[in-house]
1. Between Lys227, Lys269, Lys323, which is open to solvent by less than 50 Å² (accessible area, probe 1.4 Å) and more than 18 Å from the chain's Cα centre (by Cα)?
2. Within the stretch 61-100, work out how many residues are crowded, with 17+ Cβ neighbours inside 10 Å and at pLDDT 95 or above.
3. Has the stretch 300-308 got at least one residue that is of a type in the set (Lys, Arg), open to solvent by 60 Å² or more (accessible area, probe 1.4 Å) and at pLDDT 95 or above?
4. Quick one: would you say Asp153 is open to solvent by 10 Å² or more (accessible area, probe 1.4 Å), farther than 21 Å from Leu279 by Cα, assigned to a helix (DSSP H, G or I) and acidic (Asp, Glu)?
5. May I ask you to list the residues in the stretch 225-244 that are at pLDDT below 90 and polar (S, T, N, Q)?
6. Which ones in the stretch 185-230 are part of a loop (DSSP other than H, G, I, E, B) and either within 28 Å of Ala106 (Cα to Cα) or in contact with a Ser or Thr (Cβ under 6 Å, 6 or more places away or on another chain) (or both)?
7. Name, by its number, the condition in (1) open to solvent by less than 60 Å² (accessible area, probe 1.4 Å); (2) in a helix (DSSP H, G or I); (3) at pLDDT 85 or above that does not hold for Gln119.
8. So the check is Cβ under 7 Å with 6+ separation or different chains; which pairs have a first residue in the stretch 191-209 that's free of Cβ contacts under 8 Å to residues at least 40 places away in the same chain and a second one that's open to solvent by 20 Å² or more (accessible area, probe 1.4 Å) and not in a loop (DSSP other than H, G, I, E, B)?
Amino acid sequence: MGDIPLFGVDLGFGLVKVAGPGYRESFPAVVAELGAWSDPAGLVEFDGHAYLIGEPALSLEHRRWAIRDDKIVTVDEKAKCLVALAHLARHYNTTVMALATGLPPAHYNSPGRQAEMKQHMTDVFDFRYNGLPYHVEVAGVSVDPQSGAAFFDFLLHDDGELNTANADLLELRSIVIDPGHRTTDVCLMNGRKAALGNRSIMTIDQGVWTVYEETKRLIQTEYGVTKEPEEIDALWRRRESFRVSGRSVPLGELIARAAAPIARSIAAKAMRHAGDVRLWDVALLVGGGSHLFEGVLAAELGVPVRMPRRPEFGNVGGYFKRKLERR
């Protein structure tokens, strides 16, 4: 399949991300049925179903996050996968592609789950998105573990060649920390190999959503009003404040206060997993929650921290770069 274009797809719980040479795109992993007064922008239609995906779905009360662990088997998950394919097909003007994607560590270690994902994603898909018809053939799918793949986003350029600015990682012991929407994955790397085999990767049940839940508690305690995590997420995406008794309340300060103890907890659990922190040379921070946790993690970990300019694309970039390197 060397002549078939290869791209990365990350069917995340918070954002769906796609990546290829010189291209990165994302949209919220939010699904909603089309209502009587809905704007049809963002509408995906397939197999008799019609769903709004991403930003257009965020404004609807009946929206839901597509957060199933199986990533592709349910209709909601298939809908967001098709929109990812549409972005890639449109940007690269192609109807045939191969995909590199990933699974959370616990599910990656299940061969049945990997096979299931490959089976459902390797197909010919006919659908409509934003009123346009799409015919996309996915000729093959590879699956990597999340967080471990992000190491290769640091190591390689978009053409699969070595990024000399980070070539020292080949000689270093790295702790990859990937705070996502619901969880945080940690992967221990010795050069380009997993440092402890199958025990190298762990998942911490704290992430961006944990911060939103703590922010909700702070708002209830200090202002006597209820803001659900979904609303906090929407406000934060738009960098908006909210109003209480006629005055504006900045959300950023509340989120920073909520994030600090969670970041300390993540750092402590990551260090327990790593063992003696003096044996590690660098922490690589990726994932959508990186900007929330960066300052505290850098202070708590006790090793130098590197974070890319767009850390939310760490995994999806690593997926396709690693596969390109092996072609």
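1. Working: Lys269 fails: open to solvent by less than 50 Å² (accessible area, probe 1.4 Å); Lys323 fails: open to solvent by less than 50 Å² (accessible area, probe 1.4 Å).
From the options Lys227, Lys269, Lys323, the qualifying one is Lys227.
2. Adding up the residues that qualify gives 12.
3. Yes, the stretch 300-308 has at least one match.
4. yes
5. Ser241 - this is the single residue of the stretch 225-244 that is at pLDDT below 90 and polar (S, T, N, Q).
6. Matches in the stretch 185-230: Gly191, Arg192, Ala195, Leu196, Asp205, Gln206, Gly207.
7. (1)
8. Gly191/Leu170; Gly191/Glu171; Ala195/Arg173
The values are calculated or read from the model by the stated rules, or taken from the named source; none is laboratory data. All values derive from a computational prediction rather than experimental measurement. Don't worry about glycine lacking a Cβ; one is built from the backbone with ideal geometry, like all the others, and counts go over all protein chains shown. For accessibility, only protein heavy atoms count, side chains too; no ligands or nucleic acids. Shrake-Rupley method; radii C 1.70, N 1.55, O 1.52, S 1.80 Å.
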